[in-house]
Amino acid sequence: MDTGALNSYLPLYVRAFFLTVRIGWTGIALSLAIGIAGAFVLHFKVPVLSKVIKAYVELFRNTPLLVQLFFIYFGLPKAGIAIPAETCGILGLGLLGGSYMTESLRSGLDAVPVSQTESALALGFTKRRIFMYVILPQAVISTMPAVMANIIFLLKETSVFSAISLMDLMFTAKDLIGLYYDTTECLFLLVVFYMIMLLPVSMLGSFVEKKVRFGIYGDQV
């Protein structure tokens, strides 16, 4: 292992790391917003929109992110819609993640007893307030493992952004390997930075899940 090469490449990986994190977490935020909206539509069976959401979920869950990015980055300009690479990455990750988040949150929403919705309606709550303050908190608790798994999955999917010329971690590694042939050093740094990005998220997810479950069931222990 050439420590001189590691020190030389480190600033490039740091820059790529922050770009990857920024795009990744912005895309995740978009996916959560889409997931909440989509789950709301599917749970309450909103006419027409529910069919649109189902079609969207099936389309994006059954096509690779790379294909979606190619369509957005290379295909849309043919129709006169040019999107910057970074925005393309955020949009692609958000749409892919939104399809998974929609299904995860919908399953959690459907698991909430109907009697709670009926009780809230009897108290005069609107459907929006029932969703936000009665159903959604319980759904989030029950779907926390799936949501955290989706977040980790989406962060790992950022590795395909190099295909649309984004200087992310994977692009940096491949570029340096192609230029200097320091394969071991470049891959080592790539693994280290992905661990830095993913391991805290995994640990935080496990911690939050335990805390949430203890808050619900702690009195029964």
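The numbers here are math on the coordinates, done by the rules we state, and not lab data. Values in this document were obtained by computation on a predicted structure and should not be read as measured data. We place every Cβ from the backbone using ideal geometry, glycine too, and count neighbours over all the protein chains shown.
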- Message: Quick check on this structure: which one of ALA16, ALA33 is in contact (Cβ under 8 Å) with a residue 12 or more places away in the chain, assigned to a helix (DSSP H, G or I) and farther than 14 Å from ILE151 by Cα?
- Response: ALA16
- Which of (1) within 30 Å of ASP110 (Cβ to Cβ); (2) out of contact with any His (no Cβ under 9 Å at 6 or more places or on another chain); (3) surrounded by 13 or more Cβ atoms within 10 Å (Cβ to Cβ) is the odd one out, the single condition ALA139 does not satisfy? (2)
- Message: Which count do you get for residues in the stretch 1-56 that are over 27 Å from TYR133 (Cβ atoms) and either among the hydrophobic types (A, V, I, L, M, F, W, C) or buried (at least 18 other Cβ atoms within 10 Å of the Cβ) (or both)?
- Response: 18
